[in-house]
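The values are calculated or read from the model by the stated rules, or taken from the named source; none is laboratory data. Predicted, not measured: the structure shown is a model, and the values here were computed from it. Virtual Cβ from ideal backbone geometry, glycine too; neighbours counted across all protein chains shown.
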Amino acid sequence: MSPAFAPGALQDLERACPSGARPGTEVDTIDGVAPSFLAYPKDTREVARVLKTASSYNLPVVVRGAGTKQDWGTPPERVGLVVDLSQMTGVVEHVSDDLVVRARAGTPLASLAATLAGVRQRLPVDEVVAGSTIGGVVATGISGPLRYGHGAVRDLLLGLTVVRADGTVARAGSKVVKNVAGYDLPKLFAGSYGTLGVMTELTFKLRPLPDQRLFVSASYPSPAEMAPHLAELLRSQAVPAAIEIDRAEPDAAVQVCALVEGRPRPAEVRADLLSRVMRDATVSLEAPPWWGSLPGPVTFKLTGAISAVPSLIGQARNCCAAAGLPARLWGSAGTGVLYLGLPSGTDPEQLASILDQLRTAASEAQGHATVLRAPAKSKATLDIWGPVPGLDLMRRVKQRFDPGRLLSPGRFVGGI
């Protein structure tokens, strides 16, 4: 029976979720796929009841926070129910002395930052996409400039509470008492695109809020001229918190910016050291305008060895220039994670050709190339994820957590 016509499903969802449930409409589409129903739970208990009800009707479930990244990844095969976590916000527990916070998954990253700033603490995760929630950031595994100095969001995740497809609640990691034997849930769920369970609460390790932030910027005509300075920068004893690059056009100069954080006087000394390493650099209290922002409506993600970053920049330039396309490249030179942005109207055949070239270049750099986002028409013609090492293991994990394939079916690698 089609989920859209499951008799009694809406009434049972309303009973399971007194906070709100309704039929889906076209404006509720998830990457072009319209849902049959929506539910708005207010806590973990309601999420569990909602998922148990959805399972009983065989309704495929997709989770939504602020909806800022619903067009990422592969479109779901079908959507019976959208579980909207917009009511599940706020800090549940903050142990400031231990630098630990537990918050609900629908909490906006900016809201959490404002709360923590009041006690001079922070979660060192950049808001790469405006309006992102902490659950959405973990689900997509997106990290920005601060990844270099503090690790990716998965490295800061201490524990979480999740609800599995059948409504079972599981907890793992710090500040919890029950685990799922044999699995590191925080690591599994980070970047899983909602295919393993619904995260309802997340526990993070925090860092003190720095007294001073200084941005040291320099410009280089080409990746080859940048390369020796970048190598020195990576070896520097000044310990930058981030090392970012930006190239506004295929033949534009390469901008490099390093972030120094800490107490004012030591930060100034370290910034001065970096400015000498980078040559003809400027030091500013303000980040450059391109800092921490995805580069375009069509975005490819490239990874590779840090030593291969200049080569990746050059390869990206070559394939875009050959196609006569404007392209912006941004990312972390210190972690080997780059993002290439192209115009939304780019021909799908051109995108496929560029993606193939980027995959070859990334593979030679010991990395990968994937499509982060693209218009639906273009995405339908592209291999979003490409070859994925360990896919068989990932499928076994999916089978263990969601044997009925009810959680975001088809949205992740290999049709998981």
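Descriptive notes on the structure:
- Unmet requirement for Pro76, which otherwise passes all of (1) surrounded by fewer than 16 Cβ atoms within 10 Å (Cβ to Cβ); (2) under 25 Å from Gln11 (Cβ atoms): (1)
- Flag for Ser143 being touching a residue at least 60 places away in the same chain (Cβ under 8 Å), outside the structural domain of Tyr57 (by TED's automatic domain parsing), among the polar types (S, T, N, Q) and not in a strand (DSSP E or B): yes
- Qualifying residue in segment 272-282 (condition: closer than 30 Å to Ala114 by Cβ and not β-branched (Val, Ile, Thr)): yes
- Which listed residue, of Ala48, Ala39, Ala110, Ala34, is closer than 28 Å to Ser143 by Cα, under 26 Å from the mean Cα position of the chain (by Cα) and among the hydrophobic types (A, V, I, L, M, F, W, C): Ala110
- Residue within segment 378-386 that is of a type in the set (Val, Ile, Thr), farther than 22 Å from Gly151 by Cα and crowded, with 18+ Cβ neighbours inside 10 Å present: yes
- Of the strands (runs of 3 or more DSSP E) lying entirely inside segment 1-103, those carrying at least 3 residues that are touching a residue at least 24 places away in the same chain (Cβ under 8 Å) and not polar (S, T, N, Q) are 37-39, 61-64, 81-84, 91-95.
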